[in-house]
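The values are calculated or read from the model by the stated rules, or taken from the named source; none is laboratory data. Quantities reported herein were computed from a predicted structural model and do not represent experimental measurements. As a convention, Cβ positions derive from the backbone with ideal geometry for all residues, glycine included, and neighbour counts pool all protein chains shown. Just the protein is used for accessible areas: all its heavy atoms, side chains included, with ligands, DNA and RNA removed. Shrake-Rupley method; radii C 1.70, N 1.55, O 1.52, S 1.80 Å.
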Amino acid sequence: MPRTSSTHPFDALKPDVIIDAIEAAGFLCDGRVLALGSYENRVYQVGIEEAEPVVVKFYRPGRWSDEAILEEHAFALELAAAEIPVVAPLVFEPGSTAGMPEGSGPVSRRGQSPSGTVPVETGILELGPGTPSTLLRHAEFRYAIYPRRGGQWPELGTEEERQWMGRFLGRIHMVGARSRFQHRSSLSPEVMGRGSVDYLLDSGRIPDYVAHRYEKVADELLELVETRIEDAGQLRYLRIHGDCHRNNVLWTPAGPHFVDLDDCMMGPAIQDLWMLLAGSREELRKQLDDFLEGYTQFADFDYREIGLIEPLRALRMVHYAAWLARRWDDPAFPRAFPWFGEATYWEKHVAELEEQYWAVEGA
């Protein structure tokens, strides 16, 4: 496995930089900074004097364009305006002077670096002159600030909970179908599948004795996936969450809510349903029936998409390995996923792809 870089842009994201960024937006921090679970970006809960803490998300440099991030935010605000429980970013008015957790706060100013000697550019990334925005910049980082919302990882163990979750997703997709993203990605077998395999084969991260077998298995699997998707016919693509697994949902007595739409994209509705399923084939079918009973109260569902569950699972498996490889220069990844650097990972991964071929074949 090639050695990783000893530095990464996020290395500069020290507590004083985080606090400076929050205070540049008009909040008075109390010094408490708690890192929350996130690898793609960096997310922190920051204490505020005499107010509820806020959550700040610093975007991974170079991943999304400003326009793509603002589309994510606009989607979240559109959902919130429809009274759908999604935590949307705070909106900032140019020229305001104080951060307000329940509304909009301040903004464009030129700050100082933690040392106090080097000017740091701080301000709103506006859609147009004088336009309110949700995306801020401090030094080299773009960030957004959110109200804190609690909750627990959902069990989805009862019919009632699954129907509730289905209604939630149906409402999201009802809004998502109103328009299209212009700057965000679309679910694509070419990008998630072929692009991921090509990257891994060129990266040198797969041990030589496994690489040929990986290439053969992945090619056969993706060829079958592409056939299955083509056989499904013309699919309806709409704005979806895109990474809808249980770790991205928080459950409260009031029901479920999403706290992050970082991977929202154009895609078929089933992409936001299948990752919530778990268990045997019989259990999966019963769970899906419950989700769809709630879902179809608010949105139409194309039942042909059920046949895409195993092909989409195959794409995610291939894409996930490439995601880890692409992020391996970030020191957080070797610490969190040490097994990815071992040859045995690739042996197991190829075996899982072979098994998934037969799951797609039988779907």
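In this structure, the amide hydrogen of residue 236, modeled 1.01 Å from its nitrogen in the peptide plane, lies closer than 5 angstrom to no residue at least 5 positions away or on a different chain.
Taken one residue at a time, the phi angles of the range 255-261 give Karplus couplings (6.51, -1.76, 1.60, θ = phi - 60°) of x, x, 8, 8, 10, 7, 10 Hz. Gly and Pro are set to x.
To the nearest 0.05, what FRET efficiency results for residue 77 and residue 213 with a Förster distance of 45 Å applied to their C-beta separation? Write down the numbers at each step before the final one.
On the way: r = 47 Å, r/R0 = 1.05.
The value I calculate is 0.40.
At a probe radius of 1.4 angstrom, the accessible area of the chain per residue rounds to 47 square angstrom. Its Cα gyration tensor gives the chain an equivalent ellipsoid; the semi-axes, largest first and in whole Å, are 36, 27, 18.
To the nearest 10, the accessible area of residue 212 is 140 Å² with a 1.4 Å probe. Using a probe radius of 1.4 angstrom, the carbon and sulfur fraction of the accessible surface of the range 29-99 is 51%. Placing a label point 7 Å from the Cα of residue 36 along the Cα-to-Cβ direction, the residues of the range 142-166 with a backbone N closer than 18 Å are 142-154.
Remark: accessible surface ordering of 346, 339, 164 (largest first) is 339, 164, 346, probe radius 1.4 Å.
With R₀ fixed at 45 Å, the C-beta to C-beta distance from residue 281 to residue 10 puts the FRET efficiency at about 0.65. Listed by chain and number, the lysines whose C-alpha is less than 18 Å from the C-alpha of residue 348, apart from same-chain residues fewer than 8 away, are 216. In terms of overall dimensions, the C-alpha atoms belonging to the range 243-350 reach 46, 31, 26 Å along their principal axes, ordered largest to smallest.
Net length available on complete extension from residue 247 to residue 355 is 36.4 nm, with 0.36 nm assigned per residue and the Cα-Cα distance removed. Within the shell defined by Cβ-Cβ distances under 12 Å, the residues around residue 156 carry a net charge of -3, with Lys and Arg each +1 and Asp and Glu each -1.
Tell me, what is the FRET efficiency for residue 50 and residue 91 to the nearest 0.05, using R0 = 30 angstrom and their Cβ-Cβ distance as r? Present the calculation step by step, with values, prior to reporting the outcome.
Details: r = 22 Å, r/R0 = 0.73.
Efficiency at R0 = 30 Å is approximately 0.85.
Which lysines, on any chain, are close to residue 14 with Cα under 16 Å apart, when same-chain ones fewer than 8 places away are left out? Leaving aside lysines fewer than 8 places away in the same chain, those within reach of residue 14 are 57.
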